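In what follows, a structure is listed as structure tokens, so that the remarks can point back to it.
Please treat every number below as a calculation from the coordinates, not as lab data. Small disclaimer: the values here were computed from a predicted structure and weren't measured. Cβ atoms come from the backbone with ideal geometry, glycine included; neighbour counts cover every protein chain shown.
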Amino acid sequence: MAATPDPQVQRLIEVLGPLGVRARAMFGGYGLYFGDKFFGIVNDGRVFFRTDEDSRPEYIARGMPPFQPNNRPIGPKTVARNFQVPDEVLTDSELLVEWALRAATS
């Protein structure tokens, strides 16, 4: 990945880069990839990880919002797969690795 001025992306690559995680610019933000698998988004200073039926309730219980790229409300037929990662996870390297790996396998 080329150098980026985004401090959030730099921090993620510092912690997750040894696992093979990389970031790629996309749509004004960055996509996070584990190998070829897309698992996260960095947008407007916030980090979102992919969820599944097992991991999503933990994000919801912590009050974390889903990713909304165009600020349209999420309707009843829409299932948000990417949820914002809590600050306490982002600041704890061990938790961040755990949550990132879980997102990459979702």
- request: Exactly one condition in (1) closer than 17 Å to Thr91 by Cα; (2) among the polar types (S, T, N, Q); (3) buried (at least 17 other Cβ atoms within 10 Å of the Cβ) is not met by Gln10; state its number.
  value: (3)
query: Applying the selection to the stretch 17-69, what residues are surrounded by 18 or more Cβ atoms within 10 Å (Cβ to Cβ), over 11 Å from the mean Cα position of the chain (by Cα) and farther than 17 Å from Leu101 by Cβ?
result: Gly29, Met64
